[in-house]
Structures are given as structure tokens and as C-alpha cells.
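A.B. asks: For reference, the structure I am asking about is given below.
The values are calculated or read from the model by the stated rules, or taken from the named source; none is laboratory data. Since the model is a prediction, treat every value here as computed from it, not as a measurement. Quick reminder, even Gly has a Cβ in these numbers, built from the backbone with ideal geometry, and neighbours come from all protein chains shown.
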Amino acid sequence: MADDIYLSIVIPCKNQAVVAKKTLEDIVEYSKKAKFEMEVLFCDGNSSDNSAEVAESFRGKIKNLHVFHESILQRGHHFTGKGAAVKAGMSKASGEIRMFMDADSSTPIKEIDKLLPYFDKGYDVVMGSRYTSKPLPATNSTLRALGKAIKEVFEVLIYGHSKSNTMIEKQGRIRQLISRGGNLVFVVLLGQGFADTRCGFKAYTKDAAETLFALQELPGFGFDTEILVIAKKYKYKIIEVPVEWHNDAEDSTVTIGDGFKTFNEIFKIKWNNFRGRYNENR
């Protein structure tokens, strides 16, 4: 891959051909205005539709396009989830800044312009957030984070959504309860103080990406939380930045069952951390 890439865009995808096409079209338009070199790493998780073929059709439109398929292996395990897809893409990326975004463009690519300036301010991880109206540096105050998380759960129960929610199109009460309830659990069990761990729009410096994703163990949705646990362990400088976000309930692949999986993933993270799986010299 080219040595002069500034921004690597990793897109995990499974059975999202229609929305992925729109996302790639948006990237084509964005690239025409960008003042830096980009690459796109489209990671298809064994889609049963034509997602991979759609991505392949953009060769020639996107200068540095790489399409990876299910046959990519990670640590001897098949490509089996969003986390595995992102990990595979990050392992192939060459940019100075490496990001991932959801295939449905819930947060459109143009929002990366809000994140990039923070790397010049010394941040290592810059997270898009749906639950803050202003830039929010990571806090080490678990008590403050706990109070905020409890408040948001009660707001969802009473009003149907958290008052800190900045989404243009609000998710339903159940989806938000899963989100805010999960966030409360992250604070209680993992000591995390983030407003929005699961927004699918995050960027990392080259150094942070190479360290964090090499240590990633979880192949599913829980990888987001796992990466942040590792990032805090290594004292990377993290900030959340409000981004535009559109909910598309029809195309969403997240279910209530995924909320229950969160608990299992949290205990796996704690167990992995206890066993030293997140140590660089393991």
C-alpha cells in the first residue's frame, strides 16, 4: 500500500449492499475535496448479498480501494464479526490516521473533518459521539461518570430518550435503553467514563491503532469497549467529539439480544485483562 496515505478508512460490512453503495459514493465525493491522500479498506464478512461486488465496482472511482473477504484470518479464527472485520482492516491499513465507520453511514464521512483537528492537539484516539454536545475529554472520575450514566437511564425511562442525545433522528426507547443501560454497566464493571462507546465512527493515530488492534481479542460488537479499556490501560489521550448521526432502524443489525451479549463481553474483557492478554509483551 502507498506510503503517503494520511487517512485510512476501514468499513466493516455484512449484507448491507444498498447502504454500502451510498457510503462509497459519499466517500468518492469527499475524496474530491480532501487535501490529503486516502485509502478505503472494505471488509466484507461473508455477505450473502452482493456487498463485496458493490465495493469492487468502485475500483477506478476510489483511488486506493482494497476489498477484503471472509477468507481473511485473525489468529487462526475465521472472520466472524464486526470486531474481526475492523481488526483485519486496521492490520492492513497504512495511514497516519486510521478510522472505521459503519457501512450504513449513520455518521457520514464528512464528519471526519470534526475529528481530525484533535490529532494536532495531541490526542491519540478521537471518538465520534451521539451523547455529547461539546468535545469531551476522557475522564478518570468514575463517580462523575456513574452519576451521568444513571441520570441518562432515568431520562430514557421517563422521556423516551436521554437529554444528552444529539442524534438528528432519535432511536426508539428500547434501543436507547440498551445503549444507556450498557453505558451504565461499562462504568460500573469496567470503570469507563465515556458518553458513547459504541458510536461506529472512531479514529486513531498510527501508533495507537497498531498497538490497540494487535491486542484486540473480541470479534463482535464488544470490540469497541475492549479497545477503549486497552487504550486507557496504555494511557492514550482520548476525546469524544459530537458528530452528526442518523438512525436507520430498518437497516440496523443491532438487536435486543446484542444487549445481553454485552454482559458476556464485559466479563471476557475483565478476564482477558486479568490474564494479561492486553500486555504488549504477552
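A.B. asks: Within region 163-171, does at least one residue satisfy the condition of being surrounded by fewer than 20 Cβ atoms within 10 Å (Cβ to Cβ) and polar (S, T, N, Q)?
C.D. replies: yes
A.B. asks: From the list Ala88, Ala93, Ala138, pick out the single residue that is crowded, with 16+ Cβ neighbours inside 10 Å and at pLDDT below 90.
C.D. replies: Just one listed residue meets the conditions, Ala138.
A.B. asks: Looking only at region 204-219, which residues are in a helix (DSSP H, G or I) and among the hydroxyl-bearing types (Ser, Thr, Tyr)?
C.D. replies: Passing the criteria: only Thr211.
A.B. asks: Please enumerate the residues belonging to region 26-42 that are without any contact (Cβ under 8 Å) to a residue 24 or more places away in the chain and in a helix (DSSP H, G or I).
C.D. replies: Glu29, Lys32, Lys33
A.B. asks: Please determine, by comparing only the residues of region 112-139 that are part of a strand (DSSP E or B) and among the β-branched types (Val, Ile, Thr), which one is nearest to Ser162 (Cα to Cα).
C.D. replies: Val126
A.B. asks: Within region 101-120, restricting attention to residues that are touching a Ser or Thr at 6+ places or on another chain (Cβ under 9 Å) and either without any contact (Cβ under 8 Å) to a residue 12 or more places away in the chain or under 25 Å from Gly220 (Cβ atoms) (or both), which residue is surrounded by the fewest Cβ atoms within 10 Å (Cβ to Cβ)?
C.D. replies: Pro108
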